[in-house]
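A short write-up of the structure that comes next.
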Amino acid sequence: MADLPNAAIKRILLSNGVPRISASSVDLAAGAAQDYLVKLAKGAVENMNAAKRKTVMDEDIQAAKSALASGRIL
């Protein structure tokens, strides 16, 4: 089970064209979103460490997002 609140996930899905969604589908979507965020965080930390910083900055998140989109982070 994901740590993300199902109500927020459901609200996002419904506001983006999903007409109806089952509770189990919301759970699956929350799990997928959490998986994405974990990968994003790991990529951002790698970028932060490479830059020899102790704080994740915008550019770390952006680089990790690009890496995820291109399949460089799995």
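Readers should treat all values here as calculations from the given coordinates under stated rules, not as data from a laboratory. Remember, predicted model here, so these are calculated numbers, not experimental data. Positions of Cβ are backbone-derived with ideal geometry, glycine not excepted, and every protein chain shown enters the neighbour counts.
Put simply, of 42, 52, 65 the only residue that is touching a helix residue (DSSP H, G or I) at 6+ places or on another chain (Cβ under 7 Å) and basic (Lys, Arg) is 65.
Mind checking which residues of segment 14-36 are of a type in the set (A, V, I, L, M, F, W, C) and more than 21 Å from residue 68 (Cα to Cα)?
14, 18, 21, 23, 26
Screening segment 35-74 for residues that are under 19 Å from residue 3 (Cβ atoms) and of a type in the set (D, E, K, R) and picking the one that is surrounded by the fewest Cβ atoms within 10 Å (Cβ to Cβ) gives 35. Among the conditions (1) hydrophobic (A, V, I, L, M, F, W, C); (2) assigned to a helix (DSSP H, G or I); (3) free of Cβ contacts under 8 Å to residues at least 12 places away in the same chain, the only one that residue 21 does not satisfy is (2).
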